[in-house]
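A short worksheet on the structure shown next.
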Amino acid sequence: MNLGGGFGIRYTEEDDPLPASQYVEEIVREVQNLIADSDLVMPEIWIEPGRSLVGDAGVTLYKVGSEKEVPNVRKYIAVDGGMSDNLRPALYEAKYDAILANRPLDPVEETVSIAGKCCESGDMLIWDLPLPKAGRGDVLAVFCTGAYGYSMSNNYNRIPRPAVVFAENGEARLVIKRETYEDLIHLDLALHEAAVVNKE
């Protein structure tokens, strides 16, 4: 009997996920009760705890670009990614936490909202994030993107997907190369046909 997943992780301070042991105890108890009531043989129970294993192992790094302040409303910080590499905030208002990776111990000076580069009003990665004063070239590290980051990434507006790097014990290994614009158009027949005509 496969009962799937749903095991939460701590995306932000608001989250308080249950320990895996509590999930398992409740699942087994409920299945045992149902089986006893139905006079069936106790099945093998399968679960899918994928997100709880890899979710908080992933961090997405963005480079800070421009900023825009709307007086008495909020300050926006734009980064070099967005809903193309993390669709969850735009899709169902998922929340994330982040820090400036290159200045993690600097004191918080302002509250900003992190905007993506997809030219959509819904392309907001984080609303109202406390940060040190951020400037062009700073690196924003968004936590807990290991489960639904790359697997839900897309080429919205023909934006190439970022690289994926595994890091452990001070060593890093590239596991997925950064996409290029050539990667994005290699299936476009009209472009290939035009190239062939030009060669002739």
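What is the sum of charges around E67, taking Lys and Arg as +1, Asp and Glu as -1, for the other residues whose C-beta is under 14 Å from the C-beta of E67?
+2
Would you mind checking the radius of gyration and Dmax of the chain based on alpha-carbon positions, in Å?
22.0, 77
Normalise the Debye intensity by I(0) for segment 58-159, one equal point scatterer per Cα, no solvent, then take log10 at q = 0.18 Å⁻¹ and round to two decimals.
Result of the Debye calculation: -0.80.
Which lysines have a Cα less than 19 Å from the Cα of K177, not counting those fewer than 8 places away in the same chain?
Straight-distance partners of K177: K63.
Students often check this: by mean Cβ neighbours within 10 Å, which of 144-156, 165-177, 40-52 ranks highest, and how do the rest follow? Show your work: numbers first, answer last.
Numbers: 144-156: 18.0, 165-177: 9.2, 40-52: 12.2.
Highest to lowest by the protection proxy: 144-156, 40-52, 165-177.
Most mobile of D56, D16, D85 per a Gaussian network model of the chain (Cα springs, under 10 Å)?
D16
Multiply the residue separation of N157 and K75 by 0.36 nm, subtract the distance between their alpha-carbon atoms, and state the gained length in nm to one decimal.
Result: 27.0 nm gained on full extension.
About the Cα centre of segment 19-141, how large is the charge dipole given +1 on each Lys and Arg Cβ and -1 on each Asp and Glu Cβ? Please answer in debye to the nearest 20.
On the way: 12 positive and 21 negative charges, 155 e Å.
In total the dipole reaches around 740 debye.
Between Q32 and L174, what's the calculated FRET efficiency when r is the beta-carbon distance and R0 is 30 Å? Round to 0.05.
Efficiency, rounded to the nearest 0.05: 0.05.
Laboratory data are not the source of any read-out in this text; all were calculated from the coordinates shown. On a predicted model such as this, the values are computed, not experimentally measured, just so you know. Ideal geometry is used to build each Cβ from the backbone, glycine not excepted, and the neighbour counts take in all protein chains shown.
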